[in-house]
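The values are calculated or read from the model by the stated rules, or taken from the named source; none is laboratory data. What you see is a predicted model; the values in this text were computed from it and never measured. Glycine also receives a Cβ, built like all others from the backbone with ideal geometry; neighbour counts cover every protein chain displayed.
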Amino acid sequence: MIRTPEQYVLSLRDGRVVYQDGEKVEDVPARYRMAVERAACEFWISNEPEYRSLFNYMEDGEEISFSFHVPKTGEDLQRRREIITTLNSNGVGGSRLTGIDGLNGVAFACERMDAAMGTHYSENMRAYRDWCKKNDPSICAAVSDPKGHRMLHGEDPAQAHKDFYVRIVDRNNEGIWIEGCKLHISDAIIANELMVLPSRNHNESGKDYAVACAVPCGAKGVTFLATGGSFNGGHPMIIFENVFVPWERVFLAGEWQFSRLAATSFARYHRLTAATYKHVSLQTLAGLAMLMAEYNGLTGATRIQDMLSWFAMYAQVTEALGKAAALNPMVDPASGFATPNPVYTNCAKYWFASQWHEAQKYLQDIAGGIAATMPSMADWATPATRPMLEKYLQGDAKYPTEERIRAINAVIRQGSTFNGVLSIHAEGSLASQKMTIYQNA
């Protein structure tokens, strides 16, 4: 089944509990209209003739989103990259950017776990994947935990409480109950499903923290706390208060030996996703640098040309490493799963993250000091002050002043603390990439 944008929007009115800035959000599509429209466009584009063969495939006579296809080859991984590139180049999608990586990462761990321990979680995962094929949900991976004291495991009595990592608090023959919190989970408020999985390894004494499961966003006991001041819900906290999960939606429940594999398998897929969408972002960044150089009349300066060539390298090396990671995969002989090359994937993530602040230095150098002292756009909209800005913020006479002002504001946004932290910590810290490269090189 391929859903329509209208079906997606309607699915968000499921009674989910969302708070932002001290108020309860009663209607998610109305409150986060722009974000919902952006996410709904993924369903729109998958129904467009121009893109339908890329986004979808046929299975048993039914058209299905390629997102739910088990990656078996490097070409499958590269096709996923092409889908992500298409979405980001068109400024759409996002509500299942992380979730598909969670789905595939946990599925891979299930195969390994069943083979080693005689469990049957792969059957649950295959059934859940079939459900996804029939219902076409947006899925969000819920991974990062609050952690508390980061040198301690969740069960350590020195922790302030036991819920710094999501854990199983009860179970019976029908399912499990979970408690805890997940932090900065991008676009979770506008997803349909949460793929909950561990963020780290857990010991035998902390086996209750070894849990992976699929939870509907509207499930009883789930509460979203949106990013403060955000217009789109941002990257919310998700609180789980005695949330029931039936066994058919459980993919790890106490098998602590495989908590690390669930986390790292997700990371391997998701860092490939990161290298892919970041290439589009870095192309935009390079274009902005070139634009500022043109507006400031500096394209003929050798030092500026050196910076612009660096921007081209920054973007294209990220793309080359991402493509290499997809087309040189690790294929598991038992399950047939293709996972991105761990060295190339982590090199790609480390490269773009470690160079982000260098890119901002060059961008701000090209833009000039005005990026730190820019008057408000409200002044541009005020008749008394607009002529002043029109006259004195003019750059090269070939370009309108307003265009230069808007470009300067774009430079300011690019250099935000949010973008800096996002580049360093999203998809895993720099230390996690170096650790993985060391283990696999």
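Of 185, 189, all but one fail to be within 20 Å of residue 11 (Cβ to Cβ) and part of a helix (DSSP H, G or I); the exception is 189. Can you work out which of the residues in segment 153-169 that are touching a residue at least 24 places away in the same chain (Cβ under 8 Å) and surrounded by fewer than 21 Cβ atoms within 10 Å (Cβ to Cβ) is nearest to residue 220 (Cα to Cα)? Checking each candidate, the answer is 169.
In the set 46, 65, only one residue is outside the structural domain of residue 341 (by TED's automatic domain parsing), touching an Asp or Glu at 6+ places or on another chain (Cβ under 6 Å) and crowded, with 16+ Cβ neighbours inside 10 Å; that residue is 65. Answer yes or no: is there a residue in segment 74-81 that is closer than 17 Å to residue 39 by Cβ and not assigned by TED's automatic domain parsing to the domain that holds residue 33. The answer is no, given that none of the residues of segment 74-81 is closer than 17 Å to residue 39 by Cβ and not assigned by TED's automatic domain parsing to the domain that holds residue 33.
The requirement of being in contact with an Asp or Glu (Cβ under 9 Å, 6 or more places away or on another chain), at pLDDT below 95 and exposed (fewer than 15 other Cβ atoms within 10 Å of the Cβ) is not satisfied by residue 441. Considering (1) farther than 24 Å from residue 90 by Cα; (2) surrounded by 20 or more Cβ atoms within 10 Å (Cβ to Cβ); (3) modelled with pLDDT of 95 or more; (4) not β-branched (Val, Ile, Thr), the lone condition that residue 303 does not fulfil carries the number (2).
Residue pairs whose Cβ atoms lie under 6 Å apart, sitting 6 or more positions apart in sequence or on different chains, and linking a residue in segment 1-23 that is farther than 21 Å from residue 134 by Cβ and of a type in the set (Val, Ile, Thr) to a partner that is at pLDDT 95 or above and in a helix (DSSP H, G or I), are 18/189. Looking across segment 344-376, the residues that are within 22 Å of residue 309 (Cβ to Cβ) and touching a Lys or Arg at 6+ places or on another chain (Cβ under 8 Å) come down to 348, 350, 352. Restricting the first member to segment 376-387 and to residues that are more than 18 Å from residue 407 (Cβ to Cβ), and the second to residues that are surrounded by 14 or more Cβ atoms within 10 Å (Cβ to Cβ), the beta-carbon pairs closer than 7 Å and six or more apart or on different chains are 385/379. Counting only residues that are in contact (Cβ under 8 Å) with a residue 60 or more places away in the chain and part of a helix (DSSP H, G or I), segment 347-375 holds 15 of them. Among the criteria (1) at pLDDT below 95; (2) surrounded by fewer than 14 Cβ atoms within 10 Å (Cβ to Cβ), the one residue 96 does not fulfil is (2).
A single member of 315, 286, 293, 320 is outside the structural domain of residue 199 (by TED's automatic domain parsing), out of contact with any helix residue (DSSP H, G or I) (no Cβ under 8 Å at 6 or more places or on another chain) and of a type in the set (Gly, Ala, Ser), and it is 320. If the condition is being part of a helix (DSSP H, G or I), of a type in the set (D, E, K, R) and either within 18 Å of residue 440 (Cβ to Cβ) or out of contact with any Asp or Glu (no Cβ under 8 Å at 6 or more places or on another chain) (or both), then segment 293-342 contributes 303, 306, 319, 323.
Listed here are the residues, each with its yes/no results for (1) more than 22 Å from the chain's Cα centre (by Cα); (2) among the hydroxyl-bearing types (Ser, Thr, Tyr).
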site: 341; (1), (2): no, no
site: 348; (1), (2): no, no
site: 355; (1), (2): no, no
site: 380; (1), (2): yes, no
site: 390; (1), (2): yes, no
site: 399; (1), (2): yes, yes
site: 417; (1), (2): no, yes
site: 422; (1), (2): no, no
site: 431; (1), (2): no, no
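For segment 212-224, the condition holds for at least one residue, the condition being that it is free of Cβ contacts under 8 Å to residues at least 24 places away in the same chain and more than 19 Å from residue 95 (Cα to Cα).
The numbered conditions (1) more than 20 Å from the chain's Cα centre (by Cα); (2) among the hydrophobic types (A, V, I, L, M, F, W, C); (3) in the same structural domain as residue 127 (by TED's automatic domain parsing) are all true for residue 188 except (1). Only residues that are in contact with a Lys or Arg (Cβ under 9 Å, 6 or more places away or on another chain), among the small types (Gly, Ala, Ser) and either assigned to a helix (DSSP H, G or I) or farther than 17 Å from residue 275 by Cα (or both) were counted across segment 66-108, and they come to 4.
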